[in-house]
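Note sheet for the following structure.
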Amino acid sequence: KNDAESLDMFLNIILKESNRIESLVTDLLDLSHIEQHTELDTDYMNLSDLTRRIIDNMMTQANQKNISIHTDIEKDVIVKAQESKIAQVITNLLTNAINYSYEDGDINVRVYRDDFRVIFEVQDFGIGIKLEDQQRIFERFYRVDKARSRDSGGTGLGLSITKHIVEAHQGNIEVNSQVGKGSTFKVILKDYKE
């Protein structure tokens, strides 16, 4: 058929796939850059304020699924980091939490100090991750649910990029998850009290 409706449908498919390919190339370039350039342009930054700004920016995405984001953010938690990279970590983890949460769900975000560490934590109550998959989710292109990941627009690189950024900041990332109950991702960085 050569009608306008069919043409529109195919153009939308082409646009969607072009955007997906653009995201993939961008993510690959980000990952390559992170792996090759271990030197970061770090400065003291307020993780509490950054987290709040990113949550505000992501509310439209959360509202599309009627997801409530609850926060427990300590005031003035300072880290020495490259702000744009830490923003990417927070955005990646929040995006995943939204994408893999159920409609009308909840997400908890915490930023707090623990001994000489700073913890950024995202907890969702979504589909969860099998134990055997938890060992591999930080690998390039690894997807727990390939069909769902493709539909949500993911490239399979977000958690790999996140892990590389955290490790470049001498930090760690942990996951705790149960199928059907949700996941908690914890980013652990060094505390810098002013």
Out of all the residues in region 26-34, is one or more at pLDDT below 95, among the polar types (S, T, N, Q) and at negative phi?
-> yes
Cβ pairs under 8 Å, 6+ apart or interchain, first in region 110-132 and farther than 22 Å from GLN88 by Cα, second in a loop (DSSP other than H, G, I, E, B) and of a type in the set (Asp, Glu), ordered by first then second residue, are ASP115/ASP191; PHE116/ASP191; ILE127/ASP145
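Looking only at region 164-194, which residues are among the small types (Gly, Ala, Ser) and within 13 Å of the chain's Cα centre (by Cα)? Give the steps one after another, and end with the answer.
We begin by selecting, within region 164-194, every residue among the small types (Gly, Ala, Ser); these are 168, 171, 177, 180, 182-183.
Across region 164-194, the qualifying residue is only SER183.
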Inside region 47-85, can you point out the residues that are farther than 22 Å from GLU167 by Cβ and of a type in the set (Ser, Thr, Tyr)?
-> SER48, THR60, SER68, THR71
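One line per residue, one yes/no per condition, for (1) in contact with a helix residue (DSSP H, G or I) (Cβ under 6 Å, 6 or more places away or on another chain); (2) in a helix (DSSP H, G or I):
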{"site": "LYS163", "(1), (2)": "no, yes"}
{"site": "GLU167", "(1), (2)": "no, yes"}
{"site": "GLN170", "(1), (2)": "no, no"}
{"site": "ILE173", "(1), (2)": "yes, no"}
{"site": "ASN176", "(1), (2)": "no, no"}
{"site": "GLY180", "(1), (2)": "no, no"}
{"site": "VAL187", "(1), (2)": "yes, no"}
{"site": "TYR192", "(1), (2)": "no, no"}
Which pairs have Cβ atoms under 6 Å, sit 6 or more apart or on different chains, and link a residue in region 174-194 that is over 11 Å from GLY128 (Cα atoms) to one that is of a type in the set (Asp, Glu)?
-> LYS186/GLU121; LYS186/GLU174
Out of all the residues in region 133-166, which are of a type in the set (D, E, K, R) and modelled with pLDDT under 85?
-> ASP133, ARG136, GLU139, ARG140, ARG143, ASP145, LYS146, ARG148, ARG150, ASP151
Please go through region 107-127 and pick out each residue that is of a type outside the set (Val, Ile, Thr), in a loop (DSSP other than H, G, I, E, B) and modelled with pLDDT of 90 or more.
-> PHE125, GLY126
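Do you know which residues across region 57-101 are part of a loop (DSSP other than H, G, I, E, B), closer than 20 Å to GLN123 by Cβ and more than 14 Å from the chain's Cα centre (by Cα)?
LYS65, ASN66, ILE67, GLU74, VAL77
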Hey, TYR44 over 17 Å from the mean Cα position of the chain (by Cα), at pLDDT 95 or above and of a type in the set (Phe, Trp, Tyr) or not | no
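The values are calculated or read from the model by the stated rules, or taken from the named source; none is laboratory data. What you see is a predicted model; the values in this text were computed from it and never measured. Methodologically, a virtual Cβ is constructed for each residue, glycine included, from the backbone with ideal geometry; neighbour enumeration extends over all protein chains shown.
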